[in-house]
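Bear in mind these aren't lab numbers, they're just calculated from the coordinates by the rules spelled out. Keep in mind it's a predicted model, so treat the numbers as computed, not measured. In this analysis, Cβ positions are derived from the backbone assuming ideal geometry, glycine residues included, and neighbour counts consider all displayed protein chains.
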2 protein chains.
Amino acid sequence: MEQLLRVQNFNVSSDGYGAGEGQSLEHPFGHADPGTMFSWAGATASWPSRTDPGGSRGLDDYFTRDFANNIGAEIMGRGKFGPQHGPWGNEDWRGWWGDEPPFHMPVFVMTHHPRPAFTLSDTTFHFVEGDPAAVLAKAKEAAQGKDVRLGGGASTIRRFLDADLVDALHVAVAPTKLGAGSRLWESPDELRDRFHLDIVPSPSGGVTHHVFWRK
Amino acid sequence: MEQLLRVQNFNVSSDGYGAGEGQSLEHPFGHADPGTMFSWAGATASWPSRTDPGGSRGLDDYFTRDFANNIGAEIMGRGKFGPQHGPWGNEDWRGWWGDEPPFHMPVFVMTHHPRPAFTLSDTTFHFVEGDPAAVLAKAKEAAQGKDVRLGGGASTIRRFLDADLVDALHVAVAPTKLGAGSRLWESPDELRDRFHLDIVPSPSGGVTHHVFWRK
């Protein structure tokens, strides 16, 4: 069975930014408004961070409940793991997600600054350097035959797209402009030479789902 | 975790029939044209009966790859299992699907005619009678905490809808009229009093996806 590299539930503004400027502990997505960007996902029953019962089970829920479907490992950029830059001052920071991260699988954080792996609940964070192909090889081995999710942010996804390693992408485009930040694309049309594209408006979430798969 | 009863990838004509008249060994769906009704699903990478590589990974694939996602058992009517009526003449018939049925879980076939359970590969077929609530209780126990899929046909789904036991339905409506056969509804609007409804045209499959979830 072929192991795919999949981007799932990645969110960008209408001008293609995955996060705004000024990422910090208080503002993981910089000046981007999480409500506008992500509320479509938070409204669904299968949102991975949902703690209360309820939520919708319409079209948007198909996207959130596919988040972990046949996924065995995640790759993320350092900016998704935390707001720090440069060498780790200490190793107190263990991600944004508290003691129960919503991954439940090995996670590979790409960084030039080494740090020992650690485990929180059923998620183990590994800190790896190397080019995208080398990191993907490690993640595929850890995924034990399942697919690998590429978790973002935008610059990390760009690196894997530029290396032509991405097999499928789901990107939800929000009706808001950010003007600056970490950019995935100027237009989704940039990927049409290599990918098929289905464009599907969310019936109630305000975003437009873009589903790409390799030609 | 609540166990849901879900209808997944059920197909009907624009006038609401899940199968035409004259079901037989050669024509499992009677006079309905399988090409028009089901080709959207067969074109996807995750179609459960796919044997060759390839297939699309766009919107339609989200529906087919959700087929078994968190499903632990299936309930089906006898007409989905085979074309016979009345007492089993013999027990040679073991379903339409050959030695590797696409279920990979316990399947409960509703019939008034008893027959011993049997296993093909990793699918075990149980033959059960009783009202929908009693059959659902058996299937939930077999599903071991996962959801139960209600596999059809239309008259079986109707029975569970009439007993208000269905939590979520995905029905793909094909642009063809059958005029007669086994009917799910006259119009999807019949379910709006009890269900939310997202209506989503397939970008390339010709059908219109109807996604219902309980209010």
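If I model a spin label at B:Ala137 and A:Thr36 as a point 7 Å from the Cα along the Cα→Cβ vector, what separation in nanometres do I get?
5.3
Quantify how strongly other chains surround peptide A:58-69 by giving the mean number of their Cβ atoms within 10 Å of each of its Cβ atoms. Could the numbers behind the result be given before it?
Details: counts 11, 9, 2, 5, 11, 2, 0, 4, 5, 0, 1, 7.
Per-residue shielding by partner chains comes out at 5.
I'd like the distance separating the alpha-carbon centroids of the range A:147-194 and the range B:1-73, in whole Å.
Cα centroid to Cα centroid, the span is 31 Å.
Give me the orientation-averaged projected area of the Cα convex hull of chain B, in nm², one decimal. Spell out each step's value before the answer.
Values: hull surface 46.1 nm².
Approximately 11.5 nm², given one-decimal rounding.
How big is the dipole moment of the range B:71-111 about its Cα centre under a simple scheme where the beta carbon of each Lys and Arg is +1, that of each Asp and Glu is -1, and everything else is neutral? Debye, nearest 20, please. Each step should come with its number before you reach the end.
Numbers: 3 positive and 5 negative charges, 40 e Å.
With Lys and Arg at +1 and Asp and Glu at -1, about 200 debye.
Lysine pairs in the protein assembly as shown with Cα distance under 28 Å, only those 8 or more apart or on different chains: how many are there?
Close lysine pairs found across the protein assembly as shown: 19.
Count the DSSP beta bridges whose two residues both fall in the protein assembly as shown, then state the antiparallel fraction as a percent rounded to the nearest 5.
Details: 36 of 80 bridges.
The antiparallel fraction comes to roughly 45 percent.
Could you pull the Rg and Dmax for the protein assembly as shown, using just the Cα atoms, both in Å?
23.3, 77
List, shortest first and in nm to one decimal, how far the label point of B:Ala163 (7 Å from Cα along Cα→Cβ) is from its counterparts in the other copies.
5.3
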